[in-house]
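**Student:** Here it is: the structure, laid out below.
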Amino acid sequence: MLAGRLAAFAALVVLAGCTRGLLRSADPDLGAEIARIRAVDNHAHPVRVAAAGEQPDRDFDALPVDNMEPQSDPVGLRPDAPGLLDAWHQLYGFTGKDLSSDRLKEAQALKDRVAKEKGDQYPAWVLDRMGVAVMLANRVTMGPSIQPPRFRWVPYADALIFPLDNSKLAGENSDRKSFFALEDVVRQRYLDAVGLKSVPPTLTEYLSRVVTPTLEREHNGGALAEKFEAAYLRSLDFDKVDRGAADRIYAQFAGKAAAATDEYKPLQDFLFRYIAAECGRLGMAVHIHTMAGAGGYFHVAGANPLLLESVLNDPDLRKTNFVMLHGGWPFTREIGALLTKPNAYLDFSAQAFVASPASMAGWMREWLEAAPEKVMFATDAYPYSPEMGWEESGWIASSRNRLALTIALTGMVRDGEITRTRASELARMVLRDNARTLYGLPDIQ
């Protein structure tokens with residue numbers, strides 16, 4: 001029996017693109033147990049199945065990263081990324097030795113055949129291959145093949161905090177130019193949904209006719225949380241701003257000349273906190289990107305989760321739960337310190353693409369030693385490239401995340417911090433139960 005479990009865990013290590021040497025730092029029995037747990041994926045971008053003749057789905061992100069200038073991609077996102085060939089093999093039976101042009105066409109043909117066979121059930125089939133029971137789908141809209149109970153909605157709120165002419169903000173670099181143009185499109189969709197062609201002339205009307213109705217409509221449509229990608233557009237230092245000051249800024253610039261960055265920021269800050277408070281009223285969490293992001297212009301320091309401390313300390317926002325996505329990398333120790341805040345949570349989505357399981361296990365262990373009920377599994381499955389779609393990236397992240405969790409818990413058991421029984425409990429908490437509790441999800445089979 002032990003030999004069988006060892007073999008099963010050895011396979012997990014290999015499929016995660018790691019060396020067998022990690023077997024020495026991970027309990028194979030615990031690893032096999034963790035590999036079997038059907039998880040709740042707290043953050044991902046699944047792509048829906050397009051109907052015949054329909055344009056490819058673009059609602060998987062409000063700010064698709066393929067709009068940016070080229071950057072130096074992390075090794076984990078390159079065509080020869082660790083585990084990528086294993087993902088294609090396990091998902092579609094591809095046996096090629098690389099993903100060069102001709103081989104990629106062969107692999108894609110296998111993938112297309114499976115997708116055609118599965119039809120609208122294809123996304124759920126992918127979740128089964130990942131070992132995921134429920135995926136929180138961070139999308140502008142859902143779709144026929146991305147539906148509950150397997151997929152739960154997390155829409156975007158960024159466009160709501162930028163209601164003015166954003167041309168001066170967009171002029172900072174080419175990435176922000178493309179991003180603000182995309183946010184303008186999303187905001188117009190929100191305006192169309194409430195029967196408006198443009199933003200109202202006063203902040204009071206904007207809040208009552210646009211912001212609150214949008215949040216309520218999305219909540220009624222099944223949204224569990226609202227997502228902010230704000231770190232791609234500005235820093236995360238959302239100060240507390242007096243309503244009167246926000247009113248004056250809105251009245252000065254709405255429908256008029258573009259505001260400068262320093263003139264505009266207080267209104268954005270006010271709107272962020274207003275939306276966060278409304279989410280708390282409606283029972284929705286707030287998801288925030290806290291990680292070095294895609295693109296050579298990304299302002300890494302502006303994504304430091306410590307910038308959110310005044311938000312987490314705001315008594316007016318204590319009814320709102322905040323989930324800091326991506327574990328704050330590279331600020332992994334700083335984000336751990338914030339878990340003492342009663343309404344602060346984190347997930348470790350996307351970390352599998354920038355760090356090894358052994359590295360992730362180090363900071364994951366610190367989080368589990370501090371506040372294990374605040375830590376959640378997530379993949380950030382995303383259509384990064386032709387070689388790495390949301391299916392392959394999700395499969396890789398799921399495998400590497402589970403290995404990292406196994407290493408972290410094994411170390412805690414061997415150092416006498418927890419029992420083997422407690423390690424199993426913590427594994428279930430991280431992989432599923434913490435998210436189930438936070439979002440009120442039903443039991444998962």
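The values are calculated or read from the model by the stated rules, or taken from the named source; none is laboratory data. No experiment lies behind these values; they were computed from the predicted model shown. Virtual Cβ from ideal backbone geometry, glycine too; neighbours counted across all protein chains shown. Surface accessibility is based on the protein's heavy atoms, side chains included, excluding ligands, DNA and RNA. Shrake-Rupley method; radii C 1.70, N 1.55, O 1.52, S 1.80 Å.
**Student:** Which one, Gly389, Gly280, Gly171, has the greatest fluctuation when you compute a Gaussian network model over the chain with C-alpha springs under 10 angstrom?
**Tutor:** Result: Gly171 has the largest fluctuation of those listed.
**Student:** Sticking with this structure for a sec: Mean separation of Cα pairs under 8 Å and 6+ residues apart, divided by the residue count of the chain: what relative contact order is that in percent? Walk me through the intermediate numbers first.
**Tutor:** Details: 797 pairs, mean separation 92.9, N = 445.
The value is 21 percent.
**Student:** Roughly how many percent of the accessible protein surface of the chain is carbon and sulfur, given a 1.4 Å probe and a whole-percent answer?
**Tutor:** On the way: 9310 of 17550 Å².
The value for the chain is 53 percent carbon and sulfur by accessible area.
**Student:** Give me the distance in nm between label points sitting 7 Å out from Cα along the Cα-to-Cβ direction at Arg248 and Asp73, one decimal.
**Tutor:** Label-label distance for Arg248 and Asp73, simple model: 4.9 nm.
**Student:** Would you please calculate the Kirkwood hydrodynamic radius of the chain over all C-alpha pairs and express it in Å, rounded to one decimal?
**Tutor:** Details: mean 1/r = 0.0445 Å⁻¹.
It works out to 22.5 Å.
**Student:** Within region 42-129, which GluC sites (Glu not before Pro) sit in a loop by DSSP and count at most 14 neighbouring Cβ atoms inside 10 Å? Numbers along the way, then the final one.
**Tutor:** Working: sites: Glu54, Glu106, Glu117; in loops: Glu54.
Here the GluC sites (Glu not before Pro) that fit, given the DSSP loop and packing criteria, are Glu54.
**Student:** OK, next. Dividing the Cα radius of gyration by the Kirkwood radius, what Rg/Rh value follows for region 198-349?
**Tutor:** On the way: Rg = 15.6 Å, Rh = 16.2 Å.
Reported Rg/Rh, Kirkwood definition of Rh: 0.97.
**Student:** Additional query: Rounded to the nearest 0.05, what FRET efficiency do Ser235 and Arg129 have when you use their Cβ-Cβ distance and R0 = 45 Å?
**Tutor:** Values: r = 38 Å, r/R0 = 0.84.
With a Förster radius of 45 Å, E is 0.75.
**Student:** Keeping all protein chains in place, calculate the accessible area per residue for region 230-323 (probe 1.4 angstrom), answer in Å². Kindly include the intermediate steps, with their values, before the conclusion.
**Tutor:** Numbers: 3610 Å² over 94 residues.
Dividing the accessible area of region 230-323 by its residue count gives 38 Å².
**Student:** Can you compute the radius of gyration and Dmax for region 174-268, using only the Cα atoms, both in Å?
**Tutor:** 14.0, 37
**Student:** Nearest 5 percent is fine: what portion of the DSSP beta bridges confined to the chain is antiparallel? Mind showing how you got there, number by number?
**Tutor:** Numbers: 1 of 23 bridges.
Counting only bridges with both partners in the chain, antiparallel ones make up about 5 percent.
**Student:** Per residue, how much accessible area does region 361-441 have with a 1.4 Å probe, in Å²? Let's see the in-between values first.
**Tutor:** Numbers: 2380 Å² over 81 residues.
Accessible area per residue, region 361-441: 29 Å².
**Student:** Shifting gears a bit: Using just the helices of the chain, give the 222 nm mean residue ellipticity in deg cm²/dmol: DSSP H runs with n ≥ 4 each add -39,500 (n - 2.57), and the total is spread over all residues, rounded to 500.
**Tutor:** On the way: 17 runs with 193 residues, N = 445.
The helix contribution divided over the chain gives -13500 deg cm²/dmol.
**Student:** Related question: From Cα coordinates alone, what are the radius of gyration and Dmax values for region 244-294 in angstrom?
**Tutor:** Here Rg and the maximum Cα pair distance are 13.9, 37 Å.
**Student:** So what is log10(I(q)/I(0)) for region 59-163 at q = 0.15, 0.22, 0.25 1/Å, when the Debye sum runs over its Cα atoms only?
**Tutor:** Treating every Cα as an identical point scatterer, log10 I(q)/I(0) equals -0.88, -1.27, -1.27.
**Student:** OK, next. Taking the Cα atoms of region 278-413 alone, what are Rg (to one decimal) and Dmax (as a whole number) in Å?
**Tutor:** In order Rg, Dmax, the Cα atoms of region 278-413 give 15.2, 46 Å.
**Student:** Can you order the peptides 192-199, 322-329, 242-249 by their average number of other Cβ atoms within 10 Å per residue, highest first? Walk me through the numbers before you get to the answer.
**Tutor:** Details: 192-199: 12.1, 322-329: 25.8, 242-249: 14.1.
Most protected by this proxy first, the peptides run 322-329, 242-249, 192-199.
**Student:** Here's a follow-up. Need one number: nm distance between label points at Arg333 and Ala258, each 7 Å from Cα along Cα→Cβ, rounded to one decimal.
**Tutor:** If labels sit at Arg333 and Ala258, their model points lie 4.0 nm apart.
**Student:** Same structure again: Please work out how much accessible surface Thr204 shows to a 1.4 Å probe, ignoring ligands, DNA and RNA, in Å² rounded to 10.
**Tutor:** Thr204 exposes around 80 Å² with every protein chain in place.
**Student:** Using a simple spin-label model with points 7 Å from Cα along the Cα→Cβ vector, what separation in nm is obtained for Ala277 and Asn173?
**Tutor:** Output for this residue pair reads 3.4 nm.
**Student:** Related question: Given 0.36 nm per residue, what is the gain on full extension from Arg189 to Asp120 after removing their alpha carbon distance, in nm? Display every interim value, and only then the final one.
**Tutor:** Numbers: separation 69, 0.36 × 69 = 24.84 nm, distance 2.56 nm.
Computed gain between Arg189 and Asp120 is 22.3 nm.
**Student:** Quickly rank 341-352, 225-236 as a protection proxy: mean count of other C-beta atoms within 10 Å, highest first.
**Tutor:** Working: 341-352: 24.4, 225-236: 22.7.
Put in order of decreasing packing, that is 341-352, 225-236.
**Student:** A further question on this structure: Where does the charge balance sit around Glu334 when Lys and Arg score +1, Asp and Glu -1, over other residues with C-beta under 12 Å from its C-beta? Working shown, then result.
**Tutor:** Working: positive: Arg333; negative: Glu309, Glu366.
Around Glu334, the surrounding residues sum to -1.
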